[in-house]
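Student: One structure, as structure tokens, below. Some questions next.
The values are calculated or read from the model by the stated rules, or taken from the named source; none is laboratory data. Everything quoted here is computed from the prediction, not taken from an experiment. All Cβ positions, even for glycine, are placed from backbone atoms using ideal geometry, and neighbour counts span all protein chains on display. Quick note on the areas: whole protein, heavy atoms, side chains included, nothing else; ligands and nucleic acids left out. Shrake-Rupley method; radii C 1.70, N 1.55, O 1.52, S 1.80 Å.
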Amino acid sequence: MSDADAPLGAIVEDGGVRFGVFAPDAITVSVCLFDAADRQLSATPLAAAGDGYWSARIAGIGAGQRYGFRADGAYDPENGNWFDPAKLLADPHAARLDRPFQSHEALAVPRDGAIDTAPLMPKCVVEETALPAGPPPPTFRPGGLIYEINVRALTMRHPAIAEADRGTLSALAHPAIIEHLKKIGATAVELMPVTAWIDEPHLARRGLVNGWGYNPVTFMALDPRLAPGGIGDLAHVASALRQAGIGVLLDLVFNHTGEGDADGPTLSLRGLANRAAYRHDAAGRLVNDTGTGNTVACDNAYVMRLIVDSLRHFVLAGGVDGFRFDLAPVLGRSSAGFSPDAPLIRVLRDDPVIGSRILIAEPWDIGPDGYQLGRFPSPFLEWNDRYRDDVRRFWRGDAGTLGALATRLAGSSDIFGRDDEPATRAVNFIAAHDGFTLADLVSYRRKHNEPNGEDNRDGHNENFSWNGGHEGETGDRKVTTARRADVKALLATLFASRGTIMLTAGDEFGRTQQGNNNAYCQDNELTWLDWENRDTELEAHVAALARLRERFAALGDVSFLTGTADDAHGFADVEWLDLQGAALTPETWNGSDADHLTKLVHSGEPTTPLIAFLVNRAHRTAAFRLPARAGYRWSGDGVATDGRVSVSARSVATAILERSPSANAK
């Protein structure tokens with residue numbers, strides 16, 4: 001039987017359920033059925049079906065039945081086998097779980113401890129889902145605004161959401177959430193992990209919990225804390241957001257699992273197919289290209305099927321627009337290293353369901369040659385950390401960064417223009433879940449992660465941040481005013497950038513994590529968004545930027561800006577000007593006046609052909625001059641009739657070139 005034909009998971013058939021699992025080194029495998037009170041009802045042996053697959057059909061049961069697997073074989077961790085029939089194992093293909101995973105030291109007890117882990121384990125639930133013949137095309141298109149969301153953090157303190165719905169996927173379909181998304185111009189939400197995860201053992205010992213979800217156990221089942229109704233909850237949210245013109249992207253972790261290193265728990269793949277599921281070195285030790293203790297073997301045929309089946313499930317049953325892949329180089333890794341043409345990457349591109357979706361890579365891991373920015377093949381979009389760092393360094397005041405800023409604003413052709421690619425695949429962001437919030441970026445020079453219990457050793461040390469003259473919270477109005485100006489300037493820079501842009505939830509209204517740049521274990525009011533005390537002035541600023549980007553489609557275009565594509569009216573696609581409205585020269589790019597830049601972007605519209613972004617990094621007001629264009633005039637806040645514009649310190653102003661009334665009359 002080929003791996004494409006072997007039944008996997010729990011498949012409802014007439015009058016019963018067929019169970020299938022992959023356990024190539026096992027001697028025996030059984031499926032255990034449980035009742036609603038968590039009592040084991042039976043243990044049915046599965047029959048070997050060839051090529052490492054096991055299968056059995058049980059009559060008289062159907063959807064809703066709780067189950068788990070047990071497998072027996074060699075217990076030889078040094079050689080990659082962890083078989084222990086006392087460990088109840090979650091089905092890697094489970095579509096639903098009855099409760100979340102809970103960290104417990106007994107889950108990692110060696111086989112000679114003979115501890116039955118069934119009472120500690122969630123049970124898989126048989127699901128029967130009607131799937132459409134084919135998914136609708138994605139709502140989201142590259143060039144739009146992705147809004148990165150931690151479901152619990154976004155909704156736990158929202159006053160309009162019923163308490164019972166807070167912290168769940170269903171809350172995202174609330175009209176108040178949708179109204180906010182539309183207000184700020186979001187065209188997709190990117191949900192931080194929603195599949196079932198387990199807390200790391202060291203967090204349990206410190207009384208902390210993982211609030212981000214980047215420690216999955218199963219790849220397909222949603223975490224019951226977020227989706228008590230299973231995949232139907234995700235489908236409901238995706239449908240509601242689609243009707244509002246907003247797509248849903250899932251941030252997925254296929255690079256490691258919560259089973260961790262050799263001292264970690266045995267929960268699923270480790271107890272069934274450890275040697276196939278995880279990469280090992282020549283000595284039989286777990287490879288750790290993820291920093292979490294294990295690395296998923298994405299070059300293994302079974303693992304590839306597990307990942308592909310999971311993605312198809314989320315598209316067909318969940319209705320999502322696409323995916324962001326955490327530590328994505330692992331998808332293309334083998335013992336020979338990373339390849340952009342690896343089998344799994346080819347499958348994701350070529351699969352008729354998955355390949356029709358939006359695919360986004362986080363293009364780095366910690367393994368050998370792990371930084372792969374710009375190397376993923378089209379149509380993958382990629383998180384662009386060079387954009388993040390260059391924009392931060394410019395606004396921090398670092399010398400010699402004006403040219404780098406312009407390159408990032410124009411689409412990062414130095415990274416994504418290789419092999420004559422005509423368009424950027426960058427996902428531009430200034431702040432994300434991992435690192436400082438946007439408000440903390442301008443309020444803290446160093447991280448403050450003491451609540452995480454690791455003596456401030458965790459998290460990035462270099463954040464290219466600044467504090468405005470005081471570290472952290474302050475009542476000094478001069479400092480807080482300067483910080484708000486910096487945040488507004490950073491946001492305007494983001495919205496003026498070529499390609500897809502991403503904003504993390506709450507950064508549009510000044511959320512803070514009090515300097516914690518690694519708040520994965522702070523599922524509390526430190527990370528929960530404070531909707532009632534949000535900065536509504538800053539929020540309005542973002543809404544205005546969103547309207548500008550929506551009005552001029554050129555701002556959301558993904559083709560590179562080159563400065564050479566003149567149209568019939570004589571306008572280049574982009575011009576870079578100095579304070580006097582003259583083209584920047586090689587000398588002035590890095591000269592003493594490198595605090596100022598005017599970016600003129602051709603809108604493609606005849607009546608309003610140009611949009612100007614006037615960047616003033618200096619700590620004093622600057623007088624800009626916009627170039628005259630016959631038959632047109634400049635308009636905007638503070639724009640004089642002769643094209644002069646006074647731009648406040650530490651800000652980005654905008655102006656629009658419009659056809660003059662006299663020209664319209666001709």
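Student: Going through the range 420-454 one residue at a time, which ones are in contact (Cβ under 8 Å) with a residue 12 or more places away in the chain and among the acidic types (D, E)? Write out each step before concluding.
Tutor: Initially, the range 420-454 is screened for residues in contact (Cβ under 8 Å) with a residue 12 or more places away in the chain, giving 421-449, 451-453.
Answer for the range 420-454, where residues must be in contact (Cβ under 8 Å) with a residue 12 or more places away in the chain and among the acidic types (D, E): E421, D434, D440.
Student: Among the listed residues A554, A540, A546, identify the single one that is part of a helix (DSSP H, G or I) and open to solvent by 30 Å² or more (accessible area, probe 1.4 Å). Can you show your working first?
Tutor: Values: A554 fails: open to solvent by 30 Å² or more (accessible area, probe 1.4 Å); A546 fails: open to solvent by 30 Å² or more (accessible area, probe 1.4 Å).
Residue meeting the stated conditions: A540.
Student: S103: in a loop (DSSP other than H, G, I, E, B) and hydroxyl-bearing (S, T, Y), yes or no? If you could, list the steps in order and put the result at the bottom.
Tutor: Values: in a loop (DSSP other than H, G, I, E, B): yes; hydroxyl-bearing (S, T, Y): yes.
Answer is yes for this residue.
Student: Okay, next question. Mind checking whether some residue in the range 209-225 is surrounded by fewer than 19 Cβ atoms within 10 Å (Cβ to Cβ), touching a residue at least 60 places away in the same chain (Cβ under 8 Å) and either acidic (D, E) or part of a helix (DSSP H, G or I) (or both)?
Tutor: Checking the range 209-225: not a single residue is surrounded by fewer than 19 Cβ atoms within 10 Å (Cβ to Cβ), touching a residue at least 60 places away in the same chain (Cβ under 8 Å) and either acidic (D, E) or part of a helix (DSSP H, G or I) (or both).
Student: Within the range 2-17, take every residue that is surrounded by 12 or more Cβ atoms within 10 Å (Cβ to Cβ) and over 35 Å from the mean Cα position of the chain (by Cα) and give me the one that is nearest to L89 (Cα to Cα).
Tutor: V17
Student: Just wondering, is there one or more residues in the range 179-194 that are hydroxyl-bearing (S, T, Y), open to solvent by 10 Å² or more (accessible area, probe 1.4 Å), closer than 30 Å to G293 by Cβ and modelled with pLDDT of 95 or more? I'd like the intermediate steps shown before the answer.
Tutor: Within the range 179-194, the first condition is being hydroxyl-bearing (S, T, Y), and the residues that meet it are 187.
Now drop any that are not open to solvent by 10 Å² or more (accessible area, probe 1.4 Å), which leaves 187.
Cutting the leftovers down to closer than 30 Å to G293 by Cβ gives us none.
Checked the range 179-194: no residue is hydroxyl-bearing (S, T, Y), open to solvent by 10 Å² or more (accessible area, probe 1.4 Å), closer than 30 Å to G293 by Cβ and modelled with pLDDT of 95 or more.
Student: In this structure, is T621 among the β-branched types (V, I, T), exposed (fewer than 14 other Cβ atoms within 10 Å of the Cβ) and closer than 17 Å to A492 by Cβ? Can you show your working first?
Tutor: Working: among the β-branched types (V, I, T): yes; exposed (fewer than 14 other Cβ atoms within 10 Å of the Cβ): yes; closer than 17 Å to A492 by Cβ: yes.
Answer is yes for this residue.
Student: Out of the residues in the range 227-285 that are polar (S, T, N, Q) and farther than 26 Å from S103 by Cα, state the one that is farthest from the chain's Cα centre (by Cα). Don't jump to the end; show me each part of the working.
Tutor: Going residue by residue through the range 227-285, those that are polar (S, T, N, Q) are 239, 243, 255, 257, 266, 268, 274.
Then drop every residue that is not farther than 26 Å from S103 by Cα, which leaves 239, 243.
Working: S239: 20, Q243: 22 Å.
Only one residue tops the list, namely Q243.
Student: Would you check which residues across the range 378-416 are open to solvent by less than 20 Å² (accessible area, probe 1.4 Å) and part of a loop (DSSP other than H, G, I, E, B) and list them?
Tutor: Once the filter is applied, which keeps residues that are open to solvent by less than 20 Å² (accessible area, probe 1.4 Å) and part of a loop (DSSP other than H, G, I, E, B), the range 378-416 yields F380, T401, A410, G411, S412.
Student: Let me ask something else. If you take the residues of the range 352-366 that are open to solvent by 10 Å² or more (accessible area, probe 1.4 Å) and not in a helix (DSSP H, G or I), which of them is nearest to A282 (Cα to Cα)? Step through it out loud before you land on a result.
Tutor: So the first thing to find is which residues in the range 352-366 are open to solvent by 10 Å² or more (accessible area, probe 1.4 Å), and the list is 352-353, 355-358, 362, 364-366.
Filter again for not in a helix (DSSP H, G or I), leaving 352-353, 357-358, 362, 364-366.
Details: P352: 36, V353: 36, R357: 37, I358: 36, E362: 28, W364: 24, D365: 21, I366: 19 Å.
In this case the residue turns out to be I366.
Student: Return the residues of the range 83-131 that are hydroxyl-bearing (S, T, Y) and buried (at least 22 other Cβ atoms within 10 Å of the Cβ); say none if nothing qualifies.
Tutor: Across the range 83-131, the qualifying residue is only T117.
Student: Every residue in the range 307-323 that is in contact with a Leu (Cβ under 8 Å, 6 or more places away or on another chain) and touching a residue at least 60 places away in the same chain (Cβ under 8 Å), please. Even if it seems obvious, please write down each step before you answer.
Tutor: Quick first cut of the range 307-323, residues in contact with a Leu (Cβ under 8 Å, 6 or more places away or on another chain) only: 307-311, 314, 316-323.
Passing the criteria: I307, D309, S310, F314, L316, A317, G318, G319, V320, D321, G322, F323.
Student: Going by the conditions given, is L169 in contact with a His (Cβ under 9 Å, 6 or more places away or on another chain), in contact (Cβ under 8 Å) with a residue 24 or more places away in the chain, within 22 Å of V315 (Cβ to Cβ) and surrounded by fewer than 21 Cβ atoms within 10 Å (Cβ to Cβ)? Steps first, please.
Tutor: On the way: in contact with a His (Cβ under 9 Å, 6 or more places away or on another chain): yes; in contact (Cβ under 8 Å) with a residue 24 or more places away in the chain: yes; within 22 Å of V315 (Cβ to Cβ): yes; surrounded by fewer than 21 Cβ atoms within 10 Å (Cβ to Cβ): no.
In short, no.
Student: While we're here: Among the listed residues R152, R141, identify the single one that is assigned to a loop (DSSP other than H, G, I, E, B), open to solvent by 20 Å² or more (accessible area, probe 1.4 Å), in contact (Cβ under 8 Å) with a residue 12 or more places away in the chain and over 28 Å from I11 (Cβ atoms). So that I can check it myself, show each step before the final result.
Tutor: Working: R152 fails: assigned to a loop (DSSP other than H, G, I, E, B).
Residue meeting the stated conditions: R141.
Student: If I filter the range 312-325 for residues that are closer than 22 Å to H433 by Cβ, at pLDDT 95 or above and touching a His at 6+ places or on another chain (Cβ under 7 Å), do I get at least one hit? Can you show your working first?
Tutor: From the range 312-325, those closer than 22 Å to H433 by Cβ are 314, 318, 320-325; that's our starting set.
Narrowing further to those that are at pLDDT 95 or above: 314, 318, 320-325.
Next, only the ones that are touching a His at 6+ places or on another chain (Cβ under 7 Å) stay: none.
Within the range 312-325 (the criterion being closer than 22 Å to H433 by Cβ, at pLDDT 95 or above and touching a His at 6+ places or on another chain (Cβ under 7 Å)), the answer is no, since none of the residues qualifies.
Student: OK, next. For the range 267-307, name all the residues that are β-branched (V, I, T), open to solvent by 10 Å² or more (accessible area, probe 1.4 Å) and in contact with a helix residue (DSSP H, G or I) (Cβ under 8 Å, 6 or more places away or on another chain). Let's see the steps before the verdict.
Tutor: Here is the first cut: in the range 267-307, the ones β-branched (V, I, T) are 287, 290, 292, 295-296, 303, 307.
Next, only the ones that are open to solvent by 10 Å² or more (accessible area, probe 1.4 Å) stay: 287, 290, 292.
Matches in the range 267-307: T290 only.
Student: Continuing with the same structure: May I ask you to verify whether A204 is in a helix (DSSP H, G or I), at pLDDT 95 or above and either of a type in the set (G, A, S) or surrounded by fewer than 19 Cβ atoms within 10 Å (Cβ to Cβ) (or both)?
Tutor: Working: in a helix (DSSP H, G or I): yes; at pLDDT 95 or above: no; either of a type in the set (G, A, S) or surrounded by fewer than 19 Cβ atoms within 10 Å (Cβ to Cβ) (or both): yes.
In short, no.
Student: Which one of these is among the acidic types (D, E), open to solvent by 40 Å² or more (accessible area, probe 1.4 Å) and within 19 Å of S559 (Cβ to Cβ): D434, D420?
Tutor: On the way: D434 fails: within 19 Å of S559 (Cβ to Cβ).
From the options D434, D420, the qualifying one is D420.
Student: Taking the range 268-294 on its own, how many of its residues are assigned to a loop (DSSP other than H, G, I, E, B) and touching a Leu at 6+ places or on another chain (Cβ under 7 Å)?
Tutor: Of the range 268-294, the ones assigned to a loop (DSSP other than H, G, I, E, B) are 268, 279, 281-285, 287-294.
Cutting the leftovers down to touching a Leu at 6+ places or on another chain (Cβ under 7 Å) gives us 268, 290, 293-294.
Going through the range 268-294 one residue at a time, the tally reaches 4.
Student: Also, I was wondering about something else. Within the range 418-448, can you find the residues that are in a helix (DSSP H, G or I) and at pLDDT 95 or above?
Tutor: Filtering the range 418-448 for residues in a helix (DSSP H, G or I) gives 418-420, 438-441.
Of everything in the range 418-448, those that are in a helix (DSSP H, G or I) and at pLDDT 95 or above turn out to be L438, A439, D440, L441.
Student: With the range 37-82 as the region, which strands (runs of 3 or more DSSP E) entirely inside it contain at least 2 residues that are without any contact (Cβ under 8 Å) to a residue 60 or more places away in the chain and surrounded by fewer than 19 Cβ atoms within 10 Å (Cβ to Cβ)? Reasoning before the result, please.
Tutor: Details: elements: 40-45, 47-50, 53-59, 66-72.
Where strands (runs of 3 or more DSSP E) fall fully within the range 37-82 and carry at least 2 residues being without any contact (Cβ under 8 Å) to a residue 60 or more places away in the chain and surrounded by fewer than 19 Cβ atoms within 10 Å (Cβ to Cβ), they are 40-45, 47-50, 53-59.
Student: Another one. Do you know which of the residues in the range 449-498 that are more than 23 Å from A540 (Cβ to Cβ) and in a helix (DSSP H, G or I) is least open to solvent (accessible area, probe 1.4 Å)?
Tutor: Restricting to residues being more than 23 Å from A540 (Cβ to Cβ) and in a helix (DSSP H, G or I), the top hit is N452.
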